[in-house]
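Novice: The structure under discussion is supplied below as structure tokens; questions concerning it will follow.
The values are calculated or read from the model by the stated rules, or taken from the named source; none is laboratory data. Everything quoted here is computed from the prediction, not taken from an experiment. With ideal geometry, Cβ positions are generated from the backbone for all residues, glycine too; neighbour counts draw on all protein chains shown. Protein only, heavy atoms only, side chains kept; ligands, DNA and RNA dropped before computing areas. Shrake-Rupley method; radii C 1.70, N 1.55, O 1.52, S 1.80 Å.
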Amino acid sequence: MKPLLSRSGSAGLLPAQSPPCVLVVDDEDALRAILTRELRKRGFDVYSTGSGAEAVEMYCRSATRIDVVLMDVNMPEMSGPDALDAIRGVDPFVRCCFMTADDRPGRHATLLARGAAAVFGKPFASFKEVCETLKQIAGGTFGGSDSMAQERAKWTS
């Protein structure tokens, strides 16, 4: 299944000198470790954490470095959408992609409406496509607009 992208998720590529930085958030240790390893192999800088609350804390410490968040939807204590809401309080321009095994009709569209830049089904149909989508979305955060980067800096400083 192709990932669903929101209109704001489509953008240009990152400058070559700046590898995209992804915050991976998943409560499943094995999956988080695999994602971290495989993203690093493909040239990403990666932070990772196992809960929504930790993701909010880590994002607050490293917002200017993190280009995109790749976050599980269903996690104990704080769900991915709730963590995204908390992060948006710090950075309304955050780019977040959700991953979920929940394939109920309309679920992906609901997550996009809630502010996700993309939604990936678990298991991933194509990890290459996940990487390409993350690069595209990360590039839209900084690569396309100096004014957007300046506005974002106001919110995150």
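Novice: How many residues are of a type in the set (D, E), farther than 16 Å from G50 by Cβ and over 12 Å from the mean Cα position of the chain (by Cα) if we restrict to segment 61-103?
Specialist: As a first pass, look at segment 61-103 and keep what is of a type in the set (D, E): 67, 72, 77, 82, 85, 91, 102-103.
Within this subset, residues satisfying the condition of being farther than 16 Å from G50 by Cβ are 67, 85, 91, 102-103.
Next, from what is left, pick out any that are over 12 Å from the mean Cα position of the chain (by Cα): 85, 91, 102-103.
Looking only at that region, the number is 4.
Novice: Next question. Tell me the residue from A116, A149, A53, A83 that is at pLDDT 95 or above, over 17 Å from E38 (Cβ atoms) and in contact with a helix residue (DSSP H, G or I) (Cβ under 6 Å, 6 or more places away or on another chain), please. It would help to see each step written out before you state the result.
Specialist: Details: A116 fails: in contact with a helix residue (DSSP H, G or I) (Cβ under 6 Å, 6 or more places away or on another chain); A149 fails: at pLDDT 95 or above; A53 fails: in contact with a helix residue (DSSP H, G or I) (Cβ under 6 Å, 6 or more places away or on another chain).
None of the others qualify; the one that does is A83.
Novice: Given the conditions (1) open to solvent by 10 Å² or more (accessible area, probe 1.4 Å); (2) over 14 Å from V24 (Cβ atoms); (3) modelled with pLDDT under 95, which single one is not true for A63?
Specialist: Exception for A63: condition (1).
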